[in-house]
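Remarks on the structure that follows.
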Amino acid sequence: MHRQYLYVVLIHKIDWFSLLLHPNFQNMPSVFEHMQELEHEQLVFCHDPKSGLNAIIAIHNTTLGPALGGTRLWNYSSHEDAVVDALRLSRGMTYKAAISGLNLGGGKAVIVGDASKIKSEALWRRYGRFVDSLNGKYITAEDVNTSARDMEYIAMETEHVTGVPEFMGGSGDPSPFTAYGVFMGMKASAKKMWGNDDLSGKKVLVQGVGHVGQYLVGHLVEAGAQVFIADISEPKLKETVDKFGKVKIINNDDIFNMEMDIYAPCALGATVNDDSISKMKCAIIAGAANNQLAVEDKHGPMLIEKGILYAPDFLINAGGLVNVSAELDGYNRDRVMGQVEQIYDRTLEIFDLADEEKIHTQAAAMKIAQRRLEAIAAVNARL
Ligand code: NAD
């Protein structure tokens, strides 16, 4: 079969023209090859020319429950990039839910477009219809460039949405919970590295001061850390300085020239790579971004060699997922905070396992998550 016919699993309509015009189209791995490699169940392409919607919903694994994961709005440079991002992010959600003890599967959606131009009520409601057509197999939430307000429109068309505003009975913005979990993971990393979890006086660089980054800066300032920030958005930098006063701005291109105790990536993934590791002068990496290691089994061991302790991203950034998932069982904020605090102990357990088995910390976290997935798959098989 010609490769282009392999490109779609479940299709409503697709922008075939730009796919066929892609310069590397003939050399790209097919979507099925990508899915097989990352072990996905389903990929859904959604297209609506009137509202300008081009969305991809990736369902990675539903062993533990319905696939829950946010919808990211991003101006991808190609459809291939969007597909790969949806596949990688949804796989991360499977492991995040598994390691957090949640009865949820892994899913994620991406919408292709410029966030400053394409958002409209019609686009969100049309997207909500597509989510609804999956009958609860996928539950959406916020992610980069999507807000509780956008979820409100989606909720007009489907009940399979979380992170809706509080006045609608939802839990609102998950970012403060994500940031608190990252802070817990960072303190556990400090305990492992320096024998105590006091962050006062530590130099911490937060890259990306958006929703999560700003809440994290708040915790760090309160803990007495020396906080440095970098972002590509001038308004976000200014907003953060206005809010917290004491923080110092670092040029985003210069961050790895700086000596710091902790690097906290809170923007986008793959910032831990060959180039950055060769320059890094820090003791710990602990941040909110998903998929921080460009290539897990290459960059995890490289960090060990450099003596840098890596707090697995999907473990410490699970606070937001814990929060939105609580909407499904009856929301209780105190219970959620208690669950998010457990990230501290779980991070220490993962570090111990990594030491015992002489594996990198991301591999140790994956191992624990995989164990739970296998155990519950066996339970499901016996039903
Ligand atoms: P956000 O869009 O509110 O903030 C991201 C910030 O990063 C923005 O200020 C943006 O200008 C900046 N940025 C983008 N590209 C950059 C670059 N190349 N260099 C420096 N700064 C850059 O997103 P968020 O909700 O704060 O999420 C941040 C990260 O955490 C994302 O990777 C997201 O997937 C992950 N995450 C978020 C949550 C959550 O609850 N929001 C949960 C889990 C994981």
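The values are calculated or read from the model by the stated rules, or taken from the named source; none is laboratory data. Just so you know, these numbers come straight off a predicted model, no measurement behind them. Neighbour counts are summed over all protein chains in view; Cβ atoms, including those assigned to glycine, are modelled from backbone coordinates with ideal geometry. Calculation scope for accessible area: heavy atoms of the full protein, side chains included, ligands and nucleic acids excluded. Shrake-Rupley method; radii C 1.70, N 1.55, O 1.52, S 1.80 Å.
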For the structure I just gave you, tell me whether Leu68 is under 17 Å from Ala267 (Cα atoms) and in the same structural domain as Val131 (by TED's automatic domain parsing).
no
Any idea which residue in segment 58-76 is farthest from the ligand (Cβ to nearest atom), counting only those that are part of a strand (DSSP E or B) and out of contact with any Gly (no Cβ under 7 Å at 6 or more places or on another chain)?
Thr71
Tally the residues that are in a helix (DSSP H, G or I) and within 16 Å of the ligand (Cβ to nearest atom), restricting the search to segment 297-332.
13
Just one of Lys192, Lys203 is more than 16 Å from the ligand (Cβ to nearest atom), open to solvent by 40 Å² or more (accessible area, probe 1.4 Å) and touching an Asp or Glu at 6+ places or on another chain (Cβ under 7 Å); which is it?
Lys203
By residue number, the members of segment 276-293 that are assigned to a helix (DSSP H, G or I) and either touching a residue at least 12 places away in the same chain (Cβ under 8 Å) or under 24 Å from Val340 (Cα atoms) (or both) are Ser276, Ile277, Lys279
If I filter segment 164-180 for residues that are open to solvent by 50 Å² or more (accessible area, probe 1.4 Å), more than 15 Å from the ligand (Cβ to nearest atom) and at pLDDT 95 or above, do I get at least one hit?
no
I need a count of the residues in segment 131-150 that are within 14 Å of the ligand (Cβ to nearest atom), out of contact with any Phe, Trp or Tyr (no Cβ under 8 Å at 6 or more places or on another chain) and part of a helix (DSSP H, G or I).
2
Restricting segment 208-230 to residues that are within 16 Å of the chain's Cα centre (by Cα) and buried (at least 24 other Cβ atoms within 10 Å of the Cβ), the residue that is farthest from the ligand (Cβ to nearest atom):
Leu216
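Residue-by-condition table, conditions (1) over 25 Å from Ala381 (Cβ atoms); (2) within 19 Å of the chain's Cα centre (by Cα):
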| site | (1), (2) |
| --- | --- |
| Asn61 | no, yes |
| Arg72 | yes, yes |
| Thr94 | no, yes |
| Ala98 | no, yes |
| Gly107 | no, yes |
| Ile111 | yes, yes |
| Leu134 | no, no |
| Ile139 | no, yes |
| Val144 | yes, yes |
